[in-house]
Amino acid sequence: MDTAEFRKRGKEMVDYVADYLENIEERQVYPEVEPGYLRNLIPEEAPYEPETYEELTKDIERVIMPGITHWHSPYFFAYFPTGSSFPSLLADMLCGAIGCIGFSWAASPACTELETVMMDWLGKMLRLPEEFLAGTEGKGGGVIQGTASEATLVALLAARSRAVKQILAEDPERSEADIISKLVAYASEQAHSSVERAGLIGGVRMKKIPTDSKFSVCGEMFRKILEEDKAAGLIPFYICATLGTTPSCAFDRITELGPICNSEGIWMHIDAAYAGSAFICPEFRPLLDGVEFADSFNFNPHKWLLVNFDCSTMWVKNRADVIGAFKMDPLYLKHDHQESGLVTDYRHWQIPLGRRFRSLKMWFVFRLYGLRGLQEHIRKHVRMAKEFESLVRADDHFQIAAEVVLGLVCFRLKGSNVLNEALLKRINSARKIHLVPCQLSGRFVLRFAVCARTIESRHIHEAWTHISQLATELLRESLE
Ligand SMILES: *Cc1c(COP(=O)(O)O)cnc(C)c1O
């Protein structure tokens with residue numbers, strides 16, 4: 001493909017993408033295919049002779065689209081949203097064109113500097129405490145990770161390294177292996193599975209803390225478990241608190257957990273993967289109170305802030321803790337500029353070496369929506385969730401299973417788990433809308449997450465009418 005053809009095909013592709021997104025609700029949200037469907041549709045081997053672009057594009061509708069779950073359809077209510085917007089798509093195109101690998105300042109100064117500044121912009125939108133901002137000579141600062149899972153792991157590894165160093169400084173005789181074998185990390189029993197996984201990868205014990213009636217971890221329970229563990233000779237060093245849990249969007253009480261962590265020297269990491277975006281609205285910012293006690297904080301603009309995957313923003317109060325844990329400096333990566341607020345070598349802040357120019361997406365989205373536009377997006381989704389909640393509440397067959405705070409509604413039929421499993425099965429087999437379940441206090445619950453950027457009230461009503469029809473049929477049949 002030469003430049004002339006690229007110009008032509010690029011414009012065609014933009015049209016295809018615009019048509020796809022504009023008409024997405026006409027496509028069935030959940031695909032009909034069986035495992036292995038795709039292998040039968042394409043050759044066993046890559047072509048030896050080059051093919052034409054026409055041959056390729058024909059296969060997008062034939063091979064790819066039949067197997068797509070349309071995450072941006074207004075009938076998609078599963079998991080949590082994944083961000084998408086036109087400014088973000090355009091920025092990703094530019095990112096692909098520049099195609100730099102921004103592991104150090106010298107490897108592409110704009111890539112590093114824009115990231116530092118965008119992380120400060122976003123930190124200010126959230127009104128994060130000053131210590132988390134980089135400024136020009138701050139000790140803290142932000143970094144874009146690929147996912148919340150990586151942020152949780154990076155924080156855990158940094159905390160592990162800090163704890164080992166501190167103990168060795170007090171007791172140089174002790175072996176590192178012995179210290180690590182005594183370390184214990186904590187998270188809510190409602191925490192995301194990636195948190196438990198971080199413990200496995202980091203090679204440390206991870207204990208789950210039971211939650212209260214609102215599915216939140218409170219200070220009292222944490223304190224009780226800490227005392228038991230310390231008495232048993234363990235060394236508590238890290239907690240991952242969740243703001244907006246995946247099952248029900250519950251909030252751990254960080255104003256209670258924070259002071260305990262600070263006085264015990266325990267690293268508090270906050271995972272707000274989904275809910276974090278809402279904190280740009282003053283009315284939701286109180287949910288973040290207590291962040292001042294945290295060592296690190298993370299959320300995913302690629303979930304709810306209109307930035308396409310991947311973009312998971314993480315701030316630390318003390319960058320030396322992270323860099324101290326991971327720094328490697330072979331000669332081929334060295335350059336003349338010392339690390340400071342202005343010169344950040346992000347390779348020391350993450351697991352891989354390579355990194356894309358992801359801050360371009362933030363820059364495009366923040367400038368073209370403005371804080372006001374982003375706030376409107378969040379508020380609209382919360383309004384839609386409340387609308388769905390009131391439809392559920394108005395129907396005596398159903399109940400709400402957890403407080404609706406943001407854009408997630410957990411609900412179920414009054415009745416057995418078996419009944420609710422049957423309802424979900426009918427909903428997803430009909431393929432008109434798509435939902436996933438969760439488990440809360442042993443009960444099978446349906447999760448309705450407001451996802452699409454283009455969602456309107458009519459989609460909420462259509463979804464509810466559909467659900468209540470399927471439920472009526474199910475209840476009638478179960479009586480027969
Ligand atoms: C979605 C989610 C995650 C996982 O996010 P990734 O960026 O895919 O790793 C982690 N924690 C919570 C609370 C989530 O909702």
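Only the coordinates and a few stated rules stand behind these numbers; no lab work does. Remember, predicted model here, so these are calculated numbers, not experimental data. Cβ: placed from backbone, ideal geometry, glycine included. Neighbour counts: every protein chain shown.
For segment 180-337, give me the percentage of DSSP beta bridges that are antiparallel, rounded to the nearest 5 percent.
20 percent
State the extension gain, in nm to one decimal, for the chain segment bounded by L353 and T454, taking 0.36 nm per residue of separation less the distance between their alpha-carbons.
Computed gain between L353 and T454 is 32.7 nm.
Of F297, F251, F237, how do they rank once you tally other Cβ atoms within 10 Å and put the fewest first?
F251, F237, F297
Hey, with R₀ at 22 Å, roughly what FRET efficiency would A320 and N262 work out to, going by the Cβ-Cβ distance, to 0.05?
0.80
L440's amide H: which non-local residues (gap 5+, or another chain) put their own amide H closer than 5 Å, with H modeled 1.01 Å from N in plane and none for Pro or chain starts?
V445
So how much slack lies between M1 and H335, counting 0.36 nm per residue of separation and subtracting their Cα-Cα distance, in nm?
This chain segment gains 116.6 nm when fully extended.
Once a ≥ b ≥ c are taken as the square roots of the eigenvalues of the Cα gyration tensor of segment 172-250, is the result rounded (a/c under 1.5), prolate (a/b larger than b/c) or oblate (a/b not larger than b/c)?
oblate
When the Karplus curve 6.51 cos²θ - 1.76 cosθ + 1.60 is applied with θ = phi - 60°, which whole-Hz ³J(HN,Hα) does each residue of segment 130-137 get, with x for Gly and Pro?
Working through the residues one at a time gives 3, 4, 7, 8, 7, x, 9, 9 Hz.
List the residues of segment 382-418 whose backbone N lies under 17 Å from a point placed 7 Å from the Cα of L479 along the Cα-to-Cβ direction.
395-398, 413-416
If you take all C-alpha pairs in segment 297-412, what percent of them are over 21 Å apart?
Here the long-distance tail beyond 21 Å is 59 percent of all Cα pairs in segment 297-412.
Suppose only helical runs count, i.e. DSSP H with n ≥ 4. What mean residue ellipticity at 222 nm does that imply for the chain under -39500 (n - 2.57) per run, divided by all residues and rounded to the nearest 500 deg cm²/dmol?
That calculation yields -14000 deg cm²/dmol at 222 nm.
Can you tell me the Rg and the Dmax, both Å, for the Cα atoms in the chain?
Every Cα atom of the chain included, Rg and Dmax give 24.2, 79 Å.
Taking amide H atoms as placed 1.01 Å from N in the peptide plane, list the residues 5 or more away in sequence, or in a different chain, whose amide H sits under 5 Å from that of I235.
Hits under the 5 Å cutoff: L183, V184.
So for the chain: antiparallel DSSP bridges make up what percent, rounded to the nearest 5?
Roughly 55 percent of the beta bridges in the chain run antiparallel, per DSSP.
I need K230, K432 ordered by Cβ neighbour count within 10 Å, fewest first.
If I rank by nearby Cβ atoms, fewest first, I get K230, K432.
At a Förster radius of 30 Å, what calculated FRET efficiency corresponds to the Cβ-Cβ distance of V418 and E387, to the nearest 0.05?
0.55
So, R0 is 25 Å and r is the distance between the beta-carbons of I42 and R367; what FRET efficiency does that work out to, to 0.05?
Efficiency at R0 = 25 Å is approximately 0.05.
Using the 10 angstrom Cβ neighbour count as an exposure proxy, how do T116, T3 rank, fewest first?
Lowest count first: T3, T116.
Assign one of three labels to segment 1-159, namely rounded, prolate or oblate, based on the Cα gyration tensor with a ≥ b ≥ c the square roots of its eigenvalues; rounded applies when a/c is under 1.5, prolate when it is not and a/b is larger than b/c, and oblate otherwise.
prolate
What shape does segment 225-340 take by its C-alpha gyration tensor, where a ≥ b ≥ c are the square roots of the eigenvalues and a/c under 1.5 counts as rounded, a/b above b/c as prolate, and the rest as oblate?
Verdict is oblate for segment 225-340.
Report the full-extension gain for the segment Q28 to S429: residue separation times 0.36 nm, less the Cα-Cα distance, to one decimal in nm.
That pair, Q28 and S429, stretches by 143.2 nm at full extension.
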